[in-house]
């Protein structure tokens, strides 16, 4: 089984290089082992933050689409009556989990601000859809 190649940003020129390198292939600056380990771990965390936030944004988008389908096509009611409550609970749990794990990362990696924007987009999709869905459920329960 091959080892996964880790990349880091050179502390001197900020280009992406192999974490096992002793010298940057772009600026030829020396890179010590401790710096490499710390940078590789930080890069993995940033990558995980970005991937998780992207999944959150896509999940929140799917939640919104399913809620709209529920309103437009009533015969999908049974399926959406199962999926919507699950997503209503799962998305905020995952949003909180992301914030706890990655909300305080200190990095200059350009992917991290994009990850934060994806997280915010997921939150801004989940909130209004959840409020609208709860209002709809309450109206249907009351019989209006």
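Each reported figure results from applying straightforward, stated rules to the coordinates on display, with no laboratory input. Quantities reported herein were computed from a predicted structural model and do not represent experimental measurements. Virtual Cβ from ideal backbone geometry, glycine too; neighbours counted across all protein chains shown.
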* Per the helix-only calculation at 222 nm, which mean residue ellipticity applies to the chain, given -39500 (n - 2.57) for every DSSP H run of n ≥ 4 and division by its residues, nearest 500 deg cm²/dmol? -> -25000 deg cm²/dmol
* Structure fact -> Looks like the stretch 72-144, by Cα gyration tensor root eigenvalues a ≥ b ≥ c and the a/c under 1.5 rounded cutoff (else prolate when a/b is bigger than b/c, oblate otherwise), is prolate
* Does the chain come out rounded, prolate or oblate by the C-alpha gyration tensor, with a ≥ b ≥ c the root eigenvalues, rounded set by a/c under 1.5 and, if not, prolate when a/b is larger than b/c and oblate if not? -> prolate
* Asked: Among 133, 55, which comes first, then next, by fewest other beta-carbon atoms within 10 Å?
  -> 55, 133
* Degrees, to the nearest 10: 33-72 long Cα axis against longest axis of the chain -> 20 degrees
* Rounded to the nearest 10 degrees, what's the angle between the helix 77-102 long axis and the longest principal axis of the chain, both from Cα atoms, 0 to 90? => 30 degrees
* Of 26, 75, how do they rank once you tally other Cβ atoms within 10 Å and put the fewest first? -> 75, 26
* In degrees, nearest ten, helix 111-142 long axis to first principal axis of the chain (Cα) -> 10 degrees
* Can you sort 52, 108 so the residue with the fewest Cβ neighbours within 10 Å comes first? -> 108, 52
* Structure fact -> Reduced to Cα centres, the span from the stretch 3-22 to the stretch 110-144 in Å works out to 38 Å
